[in-house]
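First the structure, in the form of structure tokens, and then the observations on it.
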Amino acid sequence: VGLAARKRGRARRVIGVARTEHTLSVARERGCADDTTHDMAEAAGEADLVLVATPVGSVPAALERIAEHVRPSALVTDVASTKASICEAADRLLTGRADFVGGHPMAGDDQVGVANAREHLFEGCIWAVTPTAASSSEAVERLSEFAGCLGARVLELDPSAHDRLVAATSHLPHVVAAALVNAVWNVTDGHPSASALTASGFRDTTRVAGAPADLWDDIVLDNAQAILPALDAALAQLSALRGAVAARDESAIHAFLDQARERRSRLLTKESP
């Protein structure tokens, strides 16, 4: 975000915050920040826009850390993959101190870290904006305008609705990809030719399984209530397919695959929100 905002002239000054000096050094070298610090409270106290970009489980602690230091006129947001618990924490910690509007740019990648920052990352992506009753219309407009200036398309959603939808469209694909990798590993049983036979289908289907586990631990646990029904639905589909394969039911197999092909086309037809 810092890199994109600086390249587009959307920020007079970007202050980057991280735990390690190495990360801060790379952020300065890559042009992601003008200044850097280890102290998030100090940085927040100087900012008009505070953007929390940490794993889901640590966002509430970050909000609590900055709550007494953030400017009353500041807009506070985040980029976490779940929204309901974070928005609830923000309402509790920041109401009366600063405006908060939850955010989730759908522009993730398995290549993480500031060294992999890309200024065009948000172009054409959906940036979910999740206001609550405590969010002012001005704050929603400010975040929407900022996201738009980075090239994103804004989609406004209730936090709980967001979590229910991304459980199916984002979180389920990730855990299913991880399950697929583990299944392939077990089925091939270390055969020396297995790697040579992992073609583009395997790579494309399992790309997201390459993301760091510590980021996804938090997401899965925080959104477990919505992910469990999605997992049940996936298991039901696999069970139906297994039954058709076991019965050598060609028509059922064809209908299953053809329906998936048609539905995939409809799901991937992106329209402006």
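The values are calculated or read from the model by the stated rules, or taken from the named source; none is laboratory data. Owing to the predicted nature of the structure, the values given are computational and were not obtained by experimental measurement. With ideal geometry, Cβ positions are generated from the backbone for all residues, glycine too; neighbour counts draw on all protein chains shown. Quick note on the areas: whole protein, heavy atoms, side chains included, nothing else; ligands and nucleic acids left out. Shrake-Rupley method; radii C 1.70, N 1.55, O 1.52, S 1.80 Å.
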Give me Rg over Rh for the chain, both radii from the alpha carbons and Rh done the Kirkwood way, two decimal places.
1.02
Express the accessible area of the chain per residue in Å², computed with a 1.4 Å probe while the remaining protein chains stay in the model.
58 Å²
How would you order 51-60, 95-104 from highest to lowest mean count of nearby Cβ atoms within 10 Å?
95-104, 51-60
Heavy-atom SASA rank of R65, R6 (probe 1.4 Å, accessible area, largest first)
R65, R6
Report, in whole Å, the centroid distance computed from the Cα atoms of the stretch 28-81 and the stretch 190-256.
36 Å
The percentage of the accessible area of the stretch 28-166 (probe 1.4 Å, all protein chains present) made up of carbon and sulfur atoms, to the nearest whole number, is 50 percent
Treating each Cα of the stretch 1-132 as an identical point scatterer and ignoring solvent, apply the Debye formula and state log10 I(q)/I(0) at q = 0.15, 0.18, 0.23 Å⁻¹.
-0.71, -1.05, -1.64
Between helix 137-149 and the chain: long-axis angle, C-alpha atoms, 0 to 90°, nearest 10
70 degrees
On the protein heavy atoms, probe 1.4 angstrom, tell me the percent of accessible surface of the stretch 174-238 carried by carbon and sulfur.
63 percent
How would you rank 76-83, 157-164, highest first, on the average number of other Cβ atoms within 10 Å across their residues?
76-83, 157-164
Using 7 Å Cα-to-Cβ label points, what is the R71/V112 separation (nm, one decimal)?
3.1 nm
So what's the angle, to the nearest 10 degrees on a 0 to 90 scale, between helix 250-267 and the longest Cα principal axis of the chain?
20 degrees
Net length gained if the chain between R242 and E42 were fully extended (0.36 nm per residue, minus Cα distance):
66.3 nm
